[in-house]
Amino acid sequence: MIIHEMKLHESNLLRDLLPLLRDRIFHVTSHRAFRKIIKCGEIRSNNYGEFPFTFPQSENNYGRKRGYVCLFDLCGKSDNELQNALDCFFFLGPRQLGNKPVFLIIDDICHNIIVGNTTAVRERTYREMFIPKAECWYPGNVPISNVRDAIIVNIRRRKASGMTKILQHIDKEETLGTKTRRLTTG
C-alpha cells in the first residue's frame, strides 16, 4: 500500500480530491480508525455494531447488515451520478470523520468480488439504507493487502455556522442514542 498525504481547504475538495477518486472503489474512514486498520491488518465489517456508526442510518445499512464493508464505487460514473452521490453523502470530507479523513483505494484485482449497488436494489427490503448508484460492498473484511493506496487528507475547514453546529449536535445525540430532541435558544 502506498500512502499519500495532502492538505486541502474544504472549498477545494471537489477540484483536487474528487479526480483522484474518480473511477476508483474506495473506503473512507477517520485517521484514528485508519491506524487501527493498519494495526489489525484489515478493514473490518461493522455488522455487529462494535464500532461507532458514522451516521445513525449506518445501523440500517444494507451491506453492514450482511457483514460487508461499505465502499464507494466511482467507476464509470457520470458527472450527474457523482453529484447525486455527493448530495446523499458528502464523502469527500464528512465532518463526522474529523479533519483528517483517509481514503483507502481498493485494488483493481478485487473489483470482480465487489457486491454492486444493483444487487442491493434487487435484494433489499425498503427498510434498509444505501446510497443509490454509488455505494457498494466488499463481502466480509477487507485484507490490507487488497488496499492499493491510502490518501490521507488534512482538511482546513471554515468555521461552522450556528445551524451547522445545531445539526452536528443533533447528529451526535442520535449517534449516541440520546433521546433528547428539545433545543433551547437564548
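The values are calculated or read from the model by the stated rules, or taken from the named source; none is laboratory data. If you're wondering where the values come from, they're calculated on a predicted model, not measured in any experiment. Every residue, glycine as well, gets a Cβ built from its backbone with ideal geometry; the counts of neighbours run over all protein chains shown.
Condition check for E50 on (1) at pLDDT below 90; (2) surrounded by 13 or more Cβ atoms within 10 Å (Cβ to Cβ); (3) of a type in the set (D, E, K, R): one failure, at (2). Of all residues in the stretch 76-99, those being surrounded by 15 or more Cβ atoms within 10 Å (Cβ to Cβ) and either at pLDDT 95 or above or among the charged types (D, E, K, R) (or both) number 2.
Residues are listed down the side, and each one gets a yes or a no for (1) in contact with a Phe, Trp or Tyr (Cβ under 7 Å, 6 or more places away or on another chain); (2) at pLDDT 95 or above:
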| site | (1), (2) |
| --- | --- |
| A120 | yes, no |
| W137 | yes, no |
| R148 | no, yes |
| E173 | no, no |
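Can you name the residue in the stretch 13-28 that is within 21 Å of G116 (Cβ to Cβ) and not hydrophobic (A, V, I, L, M, F, W, C) and is also surrounded by the most Cβ atoms within 10 Å (Cβ to Cβ) among such residues? Out of the qualifying residues, it is H27. Among the residues making up the stretch 1-23, those that are in a strand (DSSP E or B) and among the hydrophobic types (A, V, I, L, M, F, W, C) are I2, I3, M6, L8.
Would you mind finding the one in F34, F26, F51, F91 that is without any contact (Cβ under 8 Å) to a residue 40 or more places away in the chain and either within 16 Å of the chain's Cα centre (by Cα) or in a loop (DSSP other than H, G, I, E, B) (or both)?
Checking each option against the conditions leaves just F51.
Somewhere in the stretch 54-67, is a residue in contact with a Gly (Cβ under 8 Å, 6 or more places away or on another chain), modelled with pLDDT of 95 or more and within 20 Å of T118 (Cβ to Cβ)? So far as the stretch 54-67 goes, no, none of its residues is in contact with a Gly (Cβ under 8 Å, 6 or more places away or on another chain), modelled with pLDDT of 95 or more and within 20 Å of T118 (Cβ to Cβ).
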